[in-house]
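Please treat every number below as a calculation from the coordinates, not as lab data. Given the structure is predicted, the values throughout are model-derived calculations rather than measurements. When we count neighbours, we look across all protein chains shown, and the Cβ atoms used for this are built from the backbone with ideal geometry, even at glycine.
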Number of protein chains: 2
Amino acid sequence: MARQKVALVGIGKIALDQHVPALAASPDWELAATVSRHGRVDSVPAYETLGAMLAAHPEIGMVSLCLPPVPRFDYAAEALRAGRHVMLEKPPGATLAEVHHLQSLAAGQGLTLFATWHSRMAHAVAPAKAWLADKTITRATITWREDVRKWHPGQDWVFEPGGMGVFDPGINALSILTEILPAPVHLLGAELEFPANRQTPIAARLRFTDNVAADFDWRQEGPQTWDIVVETPSGTLALRMGGNVLEIDGNVAGGEHTIMGEYPALYAHMATLVRQRISDVDLAPMIHVADALTLGRRIPAAPFEF
Amino acid sequence: MARQKVALVGIGKIALDQHVPALAASPDWELAATVSRHGRVDSVPAYETLGAMLAAHPEIGMVSLCLPPVPRFDYAAEALRAGRHVMLEKPPGATLAEVHHLQSLAAGQGLTLFATWHSRMAHAVAPAKAWLADKTITRATITWREDVRKWHPGQDWVFEPGGMGVFDPGINALSILTEILPAPVHLLGAELEFPANRQTPIAARLRFTDNVAADFDWRQEGPQTWDIVVETPSGTLALRMGGNVLEIDGNVAGGEHTIMGEYPALYAHMATLVRQRISDVDLAPMIHVADALTLGRRIPAAPFEF
């Protein structure tokens, strides 16, 4: 079957590191155009505005958006109104209401909208979900500690309103949690550490129902930690390395892992969604973040400078 | 038709001021029990725990919850699991995730869940919605300014996490806005004023799409303001007094207003929902508040003491 054409919007680090290689190797998709003010991809037609690309390429049926969440709605709405399927980087928007709006637009046009959560495609997530499916959860603990200076050097926008602060990586953990738990949880309370000179939290500790807790911290130097440990009466499951390593009772369980990378898996899923003409928009991770910012107790922290 | 039995949980100010009189005059409902640690209603069987009431009264098919949002989930879940329909005061919970959880519980049991927004039942809201239905909105402005010392004297909990601050009255305005606008809007930005010694905002200014804006302030002494003004090419609509007075181009429009009070109208609607075995859970007002707390810029304000 011929590959379908896709346009990539927002040619920055995540596009070049992940989306372009995933599309280059995709059996389903062909990168047919880019839209970006500065970035471009060799030998691919480049446009500075989405409108110009849409007008020039009626044959491009899908638009994949890699730009930051705050400007993303206008691009997604424009693409949907022009009759194109849309794929959204995580988080799917700056607000919940705007994503609901996109859902309505897509449904009204019979188009596919896919709100991606790349961490759900990490190698060990599907086997972890399968192992937990028939278990009772007695406790679960997320520890997600990384060094913001290493991953977002000098990027002040992560501490501006809408930048999400430590929830930018934390929402990846929540996207895995909400995928693997056999029953939903909801937030009971949270502590949020706001640097005195910043608008978003640099650390957060969340308490959910069913003894589920999360510890997010952006101040960890040295080794980085992306672990989820789930205790059950039948044993303890640990997902380490951001969902890429599965341990049961301390032993690495390797055999059945998927071998596809996160972004290739996202594009394969998008191809299935478009064939079936359905959408996949799960807002659960984003709702937990909004709930934490609604219900959390604010604690002052030391000023932060990159 | 015989009136159906209802139990009221949380016998505080709002229950005594609104729910008890509404039920006393209701053609659909009979107050058959109360649950409260301290409050009670003359000649109505009183229980200290929901469990005791549910066990003693299998004939009570509906439970109406008037307690504050933070403890409400556990009561609602217990009532639904015991097979009773549930009606929730506004806001329907402390978190969005917990309300989704209640929706799942209700749907799984074939029960009615009604997340009430009493301000939507104010006299002039339905005629305002009807007038706007075929109009184009060019601008809308909410001004919701009241004196927290007058309406919540000494109630420190409104400034604690989960207490919502100025969004406690503001969500009433948002419940009207989301009811009367012919198309949904979403937040573009917000400024939130946090008193230096408090956890929730005392004032908020919100900017939405379609030139919709809101100004919430809890520091207004003297005359109180609860206005929504909507400009259209066909004229300007104003809802004043919290949705109770309708003006078109400055002239009071009175004829077609409903005459039922807000809480009697809520209980009449609940009777319809139960007869039809459907739920009514519109989270749009709560989503706008969560979005404002996610995307808003925090501005320090003077410490506040009652």
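Summary table
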read-out: For A:Ala25, label point 7 Å along C-beta direction: distances to other copies, nm; value: 7.0
read-out: For A:Met260, inter-copy label distances in nm, listed shortest first [label point 7 Å out on the Cα-Cβ vector]; value: 5.2
read-out: Relative contact order (%) - chain A, alpha-carbon pairs under 8 angstrom, separation at least six; value: 20
read-out: Per-residue HN-Hα couplings for segment B:150-162 [Karplus 6.51, -1.76, 1.60; θ = phi - 60°; Hz; x = Gly/Pro]; value: 7, 8, 9, x, x, 7, 4, 4, 5, 9, 8, x, x
read-out: FRET E, pair B:Phe306, A:Ile299, Förster distance 41 Å, beta-carbon r, rounded to 0.05; value: 0.95
read-out: B:Ala56 versus A:Asp134: modelled label distance in nm, points set 7 Å from Cα along the beta carbon direction; value: 4.4
read-out: Theoretical FRET efficiency, 1/(1+(r/R0)^6), r = Cβ-Cβ of A:Arg40 and B:Ala213, R0 45 Å, to 0.05; value: 0.70
read-out: Inter-copy spacing of B:Gly110 label points, which lie 7 Å from Cα along Cα→Cβ, given in nm from shortest upward; value: 3.5
read-out: Shielding by partners, peptide B:277-288 (average Cβ within 10 angstrom, other chains); value: 2
read-out: Local electrostatic count, B:Arg3, Cβ distance below 10 Å [Lys/Arg +1, Asp/Glu -1]; value: -1
read-out: Sequence-distant lysines (8 or more away, or on other chains) whose Cα lies within less than 28 Å of B:Lys129; value: B:Lys90
read-out: Partner aspartates and glutamates for A:Lys135 [C-alpha distance under 17 Å; skip if fewer than 8 residues away on the same chain]; value: A:Glu179, A:Asp210, A:Glu231, A:Glu247, A:Asp249
read-out: Test item: B:90-100 mean partner chain Cβ contacts at 10 Å; value: 6
read-out: Segment B:4-115, relative contact order [Cα under 8 Å, separation at least 6], %; value: 24
read-out: For chain A, size of Cβ-based charge dipole, Lys and Arg +1, Asp and Glu -1, in debye; value: 380
read-out: Antiparallel %, DSSP beta bridges [both residues in chain A], to 5; value: 50
read-out: Whole-number Å³ per residue for the convex hull built on Cα positions in the protein assembly as shown; value: 174
read-out: Label point at A:Val281 placed 7 Å out along Cα→Cβ; residues across segment A:38-77 whose backbone nitrogen lies under 17 Å; value: A:63-66, A:69-77
read-out: Calculated from backbone phi, Karplus (6.51, -1.76, 1.60) coupling profile of segment B:33-48 in Hz, x at Gly/Pro; value: 6, 10, 10, 5, 6, 10, x, 7, 10, 3, 6, 10, x, 10, 10, 8
read-out: Once the Cα gyration tensor of chain A is diagonalised, semi-axes √(5λ) in Å; value: 32, 24, 18
read-out: Span-rule helices in chain A, defined as complete DSSP H runs reaching 18 Å or more along the axis (Cα) with Kyte mean at least 0.0; value: A:96-109, A:167-180
read-out: Charge dipole magnitude, Cβ of K and R +1, D and E -1 - segment B:67-128, Cα centre, debye nearest 20; value: 140
read-out: 14 Å Cα-Cα reach of B:Lys13 towards aspartates and glutamates, excluding residues that sit fewer than 8 places from it in its own chain; value: B:Glu89
read-out: Nonlocal amide H pairs with A:Ala46, under 5 Å, H built at 1.01 Å; value: A:Thr34
read-out: When the convex hull of its Cα atoms is projected in every direction, mean area for segment A:221-306 (nm²); value: 10.5
read-out: Inter-chain Cβ neighbour average for residues B:179-187, partner chain, 10 Å; value: 3
read-out: Long-range HN-HN contacts of B:Thr236 with modeled amide H, under 5 Å; value: B:Asp249
read-out: Stokes-Einstein translational diffusion, segment A:4-115 - Kirkwood Rh over all Cα pairs, 0.890 mPa s, 25 °C, in µm²/s; value: 177
read-out: Cβ charges +1 (Lys, Arg) and -1 (Asp, Glu), total dipole of segment A:4-115, debye; value: 120
read-out: CD proxy at 222 nm, helix term only [per DSSP H run n ≥ 4: -39500 (n - 2.57); per residue of the protein assembly as shown; nearest 500]; value: -9000 deg cm²/dmol
read-out: Theoretical FRET efficiency, 1/(1+(r/R0)^6), r = Cβ-Cβ of A:Asn244 and B:Ala196, R0 41 Å, to 0.05; value: 0.40
